[in-house]
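Peer 1: Would you mind keeping the following structure in view while I ask a few things?
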Amino acid sequence: MGLPNDDVYKSSATKDERRATKGPKWLHKLVVAGLLIFAASRLLSLPCWSRHGSERKVGTVKWSPSSECNPGTICGSVFVPKDYFNPEAGTASVAISVYKATKLPKKGTVFLNPGGPGGSGTRLAAPEFANLIGDDWDLLGFDPRGINKTEPQVQCFDTFSDFSMFNANTVLEQGFTVASSRNLSDPEIEKQLVEQARQFLVLKKSQAQLCAKNMGDDLRYMGTANVVRDMDFMAQIFDGKDAKINYWGASYGSILGAYLVNMLPHRVGFVTIDGIADPVNWSTEPSHKWPINWLASTEKTYRFYLETCSRAGPEACPLAQYTDEPYEAIESRLETFFDSLVVTPLPVPFGSRPAYLTSGAARALLLILLQRPIRWSESAHAFAQAMNSANGTLIFDALPRPSKSSYDLVRLGVTCMDSPPPSSPKEVPTPEDLAAELMKTMREVSPHFGASVSVGEPDGGCQYWPVKGPERFAGPWNASLEWPMLIVSNTMDPITPIQSGLRINSLMPDSSRLIIQDGPGHCSPATPTLCTINLVRNYFAGILPENGTMCGTEFDYFPDSSAKLEMEMGQSGDEVQTLSAEDRKMLESARVVGEMLQDIRQGS
Ligand SMILES: *[C@@H]1O[C@H](CO)[C@@H](O)[C@H](O)[C@H]1NC(C)=O
Ligand SMILES: *[C@@H]1O[C@H](CO)[C@@H](O)[C@H](O)[C@H]1NC(C)=O
Ligand SMILES: *[C@@H]1O[C@H](CO)[C@@H](O)[C@H](O)[C@H]1NC(C)=O
Ligand SMILES: *[C@@H]1O[C@H](CO)[C@@H](O)[C@H](O)[C@H]1NC(C)=O
Ligand SMILES: *[C@@H]1O[C@H](CO)[C@@H](O)[C@H](O)[C@H]1NC(C)=O
Ligand SMILES: *[C@@H]1O[C@H](CO)[C@@H](O)[C@H](O)[C@H]1NC(C)=O
């Protein structure tokens with residue numbers, strides 16, 4: 001309990017103006033007051049919160065007993081203004097977890113975001129992450145607005161069971177079912193999507209009304225712009241008044257990073273974003289128009305999956321009937337399976353919950369697993385079991401499932417503050433509009449997964465959202481930075497395509513460097529490679545890569561059973577055995593971080 005033994009933590013309180021940020025004027029007084037309290041309590045060696053009446057003072061930090069923190073970290077809450085433009089709004093608290101630099105002198109603090117939006121960041125403050133960023137940084141994982149232990153928390157549903165029952169066996173859980181992706185000119189397909197969109201929209205409307213009643217005004221403070229201001233505020237507490245904000249974010253974390261560098265360019269130090277979503281699209285299009293942008297590399301990734309499976313052969317990848325079978329044959333069997341589920345869903349009596357498997361849910365799972373090459377082998381076994389023995393259990397159980405500790409509408413809390421509200425009633429999307437957008441996405445971008453995004457990325461219904469936030473950032477996106485931002489994109493990322501990384505890079509040609517990992521998966525740690533790991537680590541050590549640097553990948557996507565045995569015994573193939581202990585440690589750290597990111601995104 002109490003304060004960390006943090007001689008490396010600076011928190012100098014001065015009377016200087018807080019010139020650096022464009023934030024509201026009254027704020028610097030609060031920061032200074034908060035820092036004074038923080039500093040005074042440290043001088044007295046008292047935990048901040050033990051000072052009578054200061055528990056919720058803006059700028060204070062309340063540290064938790066170490067038994068409540070993840071191993072090796074210090075954790076607690078930072079009290080921040082709930083609304084940076086209105087001091088009357090009171091206080092919010094941001095849950096943090098810090099893995100401290102093990103090499104001194106430390107350079108500063110790096111804020112971490114795992115994506116979602118809705119992902120809890122406190123888990124990321126871990127030694128594996130320090131291996132990827134550098135030992136001389138404090139790593140600060142935090143729960144962004146509305147999320148996990150940060151308060152106020154998004155909690156629209158009274159109980160987990162209300163939430164589960166609300167979703168169960170609806171289009172929200174089962175995804176959109178496409179009658180057949182083989183002939184999209186069949187008018188029946190769009191007709192059926194309109195019916196499903198009707199259900200989708202009425203459920204979204206219910207959600208919004210529930211949030212309005214149970215959350216009230218608190219719903220206004222969840223947006224990404226607020227989180228940027230929180231990072232600014234916390235950087236000043238932990239690193240000092242003029243300290244720069246350093247940041248690493250993946251997936252939605254790339255949106256937060258793009259907002260950060262463009263809202264507060266003069267405040268920014270080292271920033272890396274990985275797995276890029278397009279912030280222009282995000283902030284200027286309603287959420288039902290996002291997937292067409294996200295799926296630009298999906299079909300390419302799917303084809304790579306099928307081809308790799310075919311090369312691996314039926315023993316390692318049971319979706320293939322023989323080694324080097326044409327990939328189209330495997331694809332065609334999967335389509336036959338999806339089409340059969342349209343007519344006859346599979347019973348799942350003995351799954352994590354008794355239920356049934358629809359075509360929409362099965363396609364959605366394949367899209368989710370394309371993001372995780374480490375699980376491709378497992379995915380092939382799950383689909384093969386379903387196709388060969390009419391048993392959908394493995395697929396159903398692999399779908400993202402809310403847990404008691406994370407179940408609410410956190411993601412909407414963020415996206416509905418970020419996306420533009422409809423400017424007129426004519427812009428409110430109808431069921432026909434939603435179905436038309438799904439059709440367009442299948443026709444123009446991804447015939448197999450164009451309608452399959454909503455299960456993994458549950459957006460929508462912001463047109464019913466009852467509130468607007470205090471601040472909505474929508475560019476410009478062409479900030480100039482002292483030190484360029486690092487952008488990492490994979491060539492086959494099925495949900496955040498490289499075109500989005502290229503877009504940010506082209507908007508900030510002198511203030512960003514793009515590195516390209518030539519391989520599949522969502523975000524670079526999905527397929528760990530030393531080349532990317534070293535470039536990112538060097539970046540945080542002050543060495544900029546050439547723009548456009550390409551990193552190849554080598555990965556055993558469908559290990560045969562002898563390789564699997566080796567992996568269980570702590571070895572994995574010949575190449576790895578020739579690596580130095582240090583390189584192995586790096587690869588293993590990237591693997592752990594990659595899995596952690598995916599688990600957090602999927603709420604497990
Ligand atoms: C696709 O469906 C349309 C409309 O039902 C039909 O006219 C067309 O012949 C079909 N095309 C193929 C290749 O089956
Ligand atoms: C959003 O993305 C889609 C698909 O890439 C594109 O057609 C549209 O113009 C984009 N909108 C903005 C504002 O970037
Ligand atoms: C289906 O597969 C699951 C998991 O492999 C197994 O537990 C179950 O017994 C199988 N059969 C049925 C009818 O669910
Ligand atoms: C909330 O934060 C705690 C502490 O870091 C963590 O153990 C837990 O997994 C988080 N919950 C979710 C749903 O991420
Ligand atoms: C950045 O973009 C804005 C809006 O598109 C434009 O007005 C401004 O001139 C641009 N600034 C630079 C430095 O290019
Ligand atoms: C950075 O490199 C990529 C890949 O080579 C290239 O497409 C892009 O135009 C480059 N960006 C700049 C600003 O030169």
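The values are calculated or read from the model by the stated rules, or taken from the named source; none is laboratory data. A quick note: this is a predicted structure, and the numbers were derived from the prediction, not measured. Quick reminder, even Gly has a Cβ in these numbers, built from the backbone with ideal geometry, and neighbours come from all protein chains shown.
Peer 1: Exactly one of these conditions fails for GLU151: (1) touching an Asp or Glu at 6+ places or on another chain (Cβ under 7 Å); (2) surrounded by fewer than 21 Cβ atoms within 10 Å (Cβ to Cβ). Give me its number.
Peer 2: With (1) touching an Asp or Glu at 6+ places or on another chain (Cβ under 7 Å); (2) surrounded by fewer than 21 Cβ atoms within 10 Å (Cβ to Cβ) applied to GLU151, the lone miss is (1).
Peer 1: Identify all residues within region 234-248 that are closer than 21 Å to GLY116 by Cβ and surrounded by fewer than 24 Cβ atoms within 10 Å (Cβ to Cβ); write none if there are none.
Peer 2: Of everything in region 234-248, just one residue is closer than 21 Å to GLY116 by Cβ and surrounded by fewer than 24 Cβ atoms within 10 Å (Cβ to Cβ), namely MET234.
Peer 1: Determine which member of the set LYS149, LYS205 is away from ligand 6 (no atom under 16 Å from the Cβ), of a type in the set (Lys, Arg), in a helix (DSSP H, G or I) and at pLDDT 95 or above.
Peer 2: LYS205
Peer 1: I've got another one for you. Counting only residues that are farther than 30 Å from PRO429 by Cα, give me the helices (runs of 4 or more DSSP H) lying completely in region 284-347 with at least 3 of them.
Peer 2: Working: elements: 291-294, 298-316, 327-343.
Those helices (runs of 4 or more DSSP H) span 298-316, 327-343.
Peer 1: How about region 348-417: which helices (runs of 4 or more DSSP H) wholly inside it have at least 3 residues that are not hydrophobic (A, V, I, L, M, F, W, C)?
Peer 2: 359-370, 376-389
Peer 1: Scan region 355-414 for residues that are acidic (Asp, Glu) and under 22 Å from the mean Cα position of the chain (by Cα) and jot them down.
Peer 2: Those that are acidic (Asp, Glu) and under 22 Å from the mean Cα position of the chain (by Cα): ASP397, ASP408.
Peer 1: Follow-up. Scan region 306-340 for residues that are in contact with a helix residue (DSSP H, G or I) (Cβ under 8 Å, 6 or more places away or on another chain), touching a residue at least 24 places away in the same chain (Cβ under 8 Å) and among the aliphatic types (A, V, I, L, M) and jot them down.
Peer 2: Result: LEU306, ALA316, LEU319, ILE330, LEU334.
Peer 1: May I pose another question? Look through THR224, THR301, THR284 and report the one residue that is touching a strand residue (DSSP E or B) at 6+ places or on another chain (Cβ under 9 Å) and within 26 Å of ASP493 (Cα to Cα).
Peer 2: THR301
Peer 1: How many of the residues making up region 498-525 are touching an Asp or Glu at 6+ places or on another chain (Cβ under 8 Å) and crowded, with 24+ Cβ neighbours inside 10 Å?
Peer 2: Number of matching residues: 8.
Peer 1: Given THR177, THR272, which one is part of a loop (DSSP other than H, G, I, E, B), in contact (Cβ under 8 Å) with a residue 12 or more places away in the chain and surrounded by 21 or more Cβ atoms within 10 Å (Cβ to Cβ)?
Peer 2: THR177
Peer 1: Answer with yes or no whether ARG503 is part of a helix (DSSP H, G or I) and among the basic types (Lys, Arg).
Peer 2: Judged against the criteria, ARG503 is a match.
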